[in-house]
2 protein chains.
Amino acid sequence: MIENRIKHMLSLEGDNREVVIEGWIRTRRDSKEVSFIAVNDGSTMNNIQVVIDRSFPDFDKLNPRLVNGASVSIKGKLVPSQGKEQSVEVIPVEITITGDSPGDEYPLQKKRHSFEFLREIAHLRPRTNTFGAVARVRNAMSFAIHRYYNERGFVNIHTPIITGSDCEGAGEMFRVTTLPMSRVPITDGEIDYSKDFFGKEASLTVSGQLNAEIYALALKNVYTFGPTFRAEKSNTSRHLAEFWMIEPEMAFCDINGNMDAAEDFIKYILRYVLEHCSEDMAFFNSMIEKGIIENLEHIIKSDFERITYTEGVDELLKSKKNFEFPVKWGMDLQSEHERFLTQEVFKKPVIVTDYPKDIKAFYMKQNDDGKTVRAMDVLVPRLGEIIGGSERENDYNKLLNRIEEMGLNADDYWWYLELRKYGSVPHSGFGLGFERLIQFVTGMQNIRDVIPFPRSVETLDF
Amino acid sequence: MIENRIKHMLSLEGDNREVVIEGWIRTRRDSKEVSFIAVNDGSTMNNIQVVIDRSFPDFDKLNPRLVNGASVSIKGKLVPSQGKEQSVEVIPVEITITGDSPGDEYPLQKKRHSFEFLREIAHLRPRTNTFGAVARVRNAMSFAIHRYYNERGFVNIHTPIITGSDCEGAGEMFRVTTLPMSRVPITDGEIDYSKDFFGKEASLTVSGQLNAEIYALALKNVYTFGPTFRAEKSNTSRHLAEFWMIEPEMAFCDINGNMDAAEDFIKYILRYVLEHCSEDMAFFNSMIEKGIIENLEHIIKSDFERITYTEGVDELLKSKKNFEFPVKWGMDLQSEHERFLTQEVFKKPVIVTDYPKDIKAFYMKQNDDGKTVRAMDVLVPRLGEIIGGSERENDYNKLLNRIEEMGLNADDYWWYLELRKYGSVPHSGFGLGFERLIQFVTGMQNIRDVIPFPRSVETLDF
C-alpha cells in the first residue's frame, strides 16, 4: 500500500517502470508542446509532475478538465526529470479523470489563503500544504505516543467520556442529556434527572485521571489518550472546548519518577517527529516558524531544570522585573512568569514542583509543611505550561479531609477513596494537552489549526 | 521499565540475581516454616511467589499485614522454585508494605466472583485474572490497530466528538448543552439554541465517517479510532451507549478494495493478539470459552465468503428453515439469519454486499439496478455482524436526490455534497465496533465486561 503512494515514487530512480498515480491536481503549467500537472496524494508535501505532450490521445478533450482540484488516476512511466525541481517525473500512457473540478471556481487557488479563510472551508483545507503537513505530523505524534508507552509496558485505558463525576471539583462542564429540552421534568422544584438516560446528571469528562488511577493500582503503568472537554467561554488561540489529552498514571512512582517520566516522554516525541516527518518539519521551519527545528533539538539535548514553586517565586522576585501580575507567594504563575523562567532565567524547559495547595486540585499529595502539594508543571519556552501533574494523595484520611475542606461531597468519591483503603501505593501521573504539544512542535499559532475540526464558543461547523 | 515487571522476571533463570518486586498480594498460603505470598503487578496473568521464612526479621509484625489485597515492595533474590507450579521464586531480603488491606474485608476474595458483582466494584475488578486479561488484550488490540494502519501509510484522524450534524439521519443522539436545564430559554415557542455554548444544537457523534471522508479526499487513506455514542435504550449484553469505533476511509477504492481491506484488517488483529497475548488467550480459552483459539485460527486461515444480499436471501430461503423472522427480499438480516449463513452454510466469515437501498444509509453508492446499494456487512460465526461499510456515493446529483428522498435537509450536508463537486473519487470505508471485536476475540459474553467503565441505560457509575 505504501508502494503506490507518491512519497515512495519520488524516492525511486526514473527507470521507466510503470506506475499508477492517484491523487489531486495541485497546479498546472503549460509550455508550447507540453502541459505539466503536479499531482499530490497526501502521502507527502511534494507533488509528482506529470508531463503531457499535446500529441497525447484525446488531448483536446482531456485538456480543459486537467485543472486544479480535479482528481486523476494516471498510468505512466517513471522517468528522470528534465527539470531541476524534481528527480523523477511521469510520462502518461493512460489518464483517467476520476472527479472534475470547476477550476477557477475551486475555492483553493494557487495563492496564499489566510488561515481564517481556510477554517471556513475545513472540508478542503487538508488539501493545502500546511494542513496536509499538520495532519501528517499529528498522526506521527499520535503513533509515537502509543509506541512509546507500548514499548514500556504501559496499558492503554479508554476512560469514559460521559461521566457522573466532576474530576477537579471545577464547574465548566458540558451537560449530556436525553431529556426533552422544552419540557424538562421538574419534581419538587428540582430537575428530575431520574428520568434522564442515565438516571442522573451526566457530563462530558474533563480528565480521565481518576479512572486511570483505578487501573494503575492494578496494572501498575497505564495511560489514556482521548478527548476531554471544557465548557469555558475562552475565545482564544490557545483554548478549545474539545481537545485530546494524554494522561499516564504510574503506581510505585513518586514525584521524582513522575518528572523523569514527563521529561523522557517529551524528548521521545520530539525526536520521533524530527526523524519521521523531516519534510513536513522543514516546511514548518521555513514557512511557519523560523528556527523551530533547532529549537526542538535544543529541548531534546537539555536537562530540564527542576525547581520548587518557592524557588521559582524567588527567581521572579529577584529579577525585579515589572510583571503585569505582581509576583507574590501563593499566586498562580501566569504566562509572563512562566516565559520569564524558561526563556530568560534558565533558557530551557523548567519543571516547577510543590505548589501552594490552595491553587491545586484536591487529589495532590500533601507535603509535610501543610502548605504545599507535590504538584509539578512542566514549562517550555514559547508555550509555557505544557504538562500538569502530581504525585497523588494516597493516605485515606488526608484525602478525605481535603475533599471535605474543599467543600466537595465525599460520597461522590467513594471508589476513589476506597483505592486508598485496599493496597494503595505511592502513585503519580500527569496530563498533556495534545494540541498544545502539536502547536509547540509545528509553530502553528492558533490551536484551531492543529485539530481537524475545532470546537469552541459558537464554533461547531463541519 | 519492562525489566522491573513480574512478566519479565518469570522468564528469567533463578540465578540469585537481586530483584525488586512491586505489586499486590493475590493469595497467601502458610506451611509450618514458611509463608508463600503470590504477588501480581498486572504485567501478566501469572503471579510471582515470594517465600518468607518465619525467621525473617520482624516476621511477627509483618505477618498480619501480608494479606490479600495489600501492596508490597519486596527486594530479594530470584531463585529456582522448589514447587512445580513455577520455575522461579523470590527469597526476600527486605519487605515494605506500601499499602495495607483489610484482608477478610477486602471485596476480592479467593473465590470466583460473578461478573455482575464485579461490575459493582469496577474500581477493583482490574485486579482479577479475567479483567486484567481483558485490559491487556484490549490494549494489545488497540496498539495493533494503530500499528496496522501506520505501517500502511494511513493517517489517523481525530474526528469531532461534539457534532452539529447527524451522520446517519437517525435520531437517538445525546444532546450536549450548557443551557440551564431548569430554565431553558424559549423564543417564539422554540428552544433558543443561539444562547447555547455553540450557538446551535449540539450532540455526541454517532460516527466519524462523514468527517473522515474529508480527509480521505485529501490524504487518500485515513482512519479514525475514537468513542461514539448511541442514546438507544437497549439494555442488552451487546449494546453500550458509549463505545469505541474504528473507521478507515480510502479514496480510489471501490467495494472490492473495501472487502479486501476489511478481511486483511481482521486477520491482522487476530494474528497479533494470538501472538502477543498467548498467556491471556490461553486463559480465555480454558476459562471463558473453550476452543476460542482454534476458532480464531480458523478465521485467519479462511478466505471470507463473498455473496450479495440477494444470494444470501436465496440461501436462507433454500434452507427451508423455520426462522423466527421469516425471510423475504427487502428485510434486514437478523442475527439468526447471519448466524445461519456463517455457521451452517459457509462455516466461516461471510461478506454480504449490495443490500436493498431502503434499509441502508443515504451515503451509500447506488447500483444501476435502482434497488440496491454498495453496502457490505462482514458477518462472523458466533457474533454476527462485526463490520458495516460501503462504497460511498460520489456522484453529486445522485447523492443530493437520495438526501432529499430520505427527507433530510440538504443544507446540513453542504460540505459533504461539495466533496462531490471538487475532485471527488470512488471511495469506500467501514466501521468496526471495538468492543464487539474484543468480545469476539476473548469470548466474553457481556459487552460491559470488555470496556473499563461501561455506560448504558441507568448505568453511569465510576
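The values are calculated or read from the model by the stated rules, or taken from the named source; none is laboratory data. The shown structure was predicted, so the numbers you read here are calculated from the model rather than taken from an experiment. Quick reminder, even Gly has a Cβ in these numbers, built from the backbone with ideal geometry, and neighbours come from all protein chains shown. Keep in mind that these areas ignore ligands, DNA and RNA; they rest on the heavy atoms of the full protein, side chains included. Shrake-Rupley method; radii C 1.70, N 1.55, O 1.52, S 1.80 Å.
Considering only residues that are open to solvent by 50 Å² or more (accessible area, probe 1.4 Å), assigned to a helix (DSSP H, G or I) and in contact with a helix residue (DSSP H, G or I) (Cβ under 9 Å, 6 or more places away or on another chain), which ones fall in the range B:175-205?
None; the set is empty.
Within the range B:388-403, does at least one residue satisfy the condition of being farther than 29 Å from B:LEU217 by Cβ and not β-branched (Val, Ile, Thr)?
No: zero hits.
Just name the residue that is nearest to the other protein chains (Cβ to nearest Cβ) out of those in the range B:25-67 that are in a loop (DSSP other than H, G, I, E, B) and under 11 Å from B:PRO92 (Cβ atoms).
Step by step, filter the range B:25-67, then rank; the result is B:LEU66.
Residues A:GLY164, A:GLY153: which one is open to solvent by 20 Å² or more (accessible area, probe 1.4 Å), more than 20 Å from B:GLY42 (Cβ to Cβ) and within 9 Å of another protein chain (Cβ to nearest Cβ)?
Within the list A:GLY164, A:GLY153, the selection yields A:GLY164.
Output the number of residues of the range B:65-92 satisfying the condition of being loosely packed, with under 14 Cβ neighbours inside 10 Å and under 24 Å from A:HIS427 (Cα atoms).
So the count comes out to 0.
Of all residues in the range A:229-257 being within 11 Å of chain B (Cβ to nearest Cβ) and within 17 Å of A:PHE453 (Cα to Cα), which is most open to solvent (accessible area, probe 1.4 Å)?
A:ARG230
Suppose we filter B:ASN394, B:ASN401 for residues that are among the polar types (S, T, N, Q), farther than 24 Å from A:ALA202 by Cβ and within 12 Å of another protein chain (Cβ to nearest Cβ); which single one remains?
B:ASN394
For A:LEU379, state whether it is open to solvent by less than 30 Å² (accessible area, probe 1.4 Å), hydrophobic (A, V, I, L, M, F, W, C) and at pLDDT below 95.
The answer is no for A:LEU379.
Restricting the range A:104-119 to residues that are facing chain B (nearest Cβ under 10 Å) and touching a residue at least 12 places away in the same chain (Cβ under 8 Å), which is nearest to the chain's Cα centre (by Cα)?
A:LEU108
Can you confirm whether the range B:126-134 contains a residue that is surrounded by 18 or more Cβ atoms within 10 Å (Cβ to Cβ), at negative phi and outside any helix (DSSP H, G or I)?
yes
Checking B:ARG147 against (1) farther than 27 Å from B:LEU432 by Cβ; (2) surrounded by fewer than 22 Cβ atoms within 10 Å (Cβ to Cβ), which test does it fail?
With respect to (1) farther than 27 Å from B:LEU432 by Cβ; (2) surrounded by fewer than 22 Cβ atoms within 10 Å (Cβ to Cβ), B:ARG147 is out only on (1).
Among (1) more than 8 Å from chain B (Cβ to nearest Cβ); (2) over 16 Å from A:THR228 (Cβ atoms); (3) in contact (Cβ under 8 Å) with a residue 40 or more places away in the chain, which single condition is A:GLU172 missing?
Just one mismatch for A:GLU172, condition (2).
What are the residues in the range B:307-358 that are more than 25 Å from B:GLY370 (Cα to Cα), more than 29 Å from the chain's Cα centre (by Cα) and basic (Lys, Arg), if any?
B:LYS318, B:LYS320, B:LYS321
If B:ASP100 satisfies all but one of (1) touching a residue at least 24 places away in the same chain (Cβ under 8 Å); (2) open to solvent by 50 Å² or more (accessible area, probe 1.4 Å); (3) more than 14 Å from chain A (Cβ to nearest Cβ), what's the number of the condition it fails?
Checking B:ASP100 against (1) touching a residue at least 24 places away in the same chain (Cβ under 8 Å); (2) open to solvent by 50 Å² or more (accessible area, probe 1.4 Å); (3) more than 14 Å from chain A (Cβ to nearest Cβ), the one that fails is (3).
Quick one: would you say B:ILE288 is surrounded by fewer than 19 Cβ atoms within 10 Å (Cβ to Cβ) and either of a type in the set (Phe, Trp, Tyr) or in contact with a Ser or Thr (Cβ under 8 Å, 6 or more places away or on another chain) (or both)?
The answer is yes for B:ILE288.
Could we say that B:MET141 is within 21 Å of the chain's Cα centre (by Cα), of a type outside the set (D, E, K, R) and more than 9 Å from chain A (Cβ to nearest Cβ) here?
It is true that B:MET141 is within 21 Å of the chain's Cα centre (by Cα), of a type outside the set (D, E, K, R) and more than 9 Å from chain A (Cβ to nearest Cβ).
Out of A:GLY208, A:GLY226, which single residue is among the small types (Gly, Ala, Ser) and either open to solvent by 10 Å² or more (accessible area, probe 1.4 Å) or at the interface with chain B (Cβ under 7 Å from one of its Cβ atoms) (or both)?
The match here is A:GLY226.
Report yes if A:ILE21 is within 14 Å of chain B (Cβ to nearest Cβ), in contact (Cβ under 8 Å) with a residue 24 or more places away in the chain and open to solvent by less than 20 Å² (accessible area, probe 1.4 Å), otherwise no.
Criteria met by A:ILE21.
Take the conditions more than 9 Å from chain B (Cβ to nearest Cβ) and of a type in the set (Lys, Arg) and apply them to A:LYS195. Does it pass?
yes
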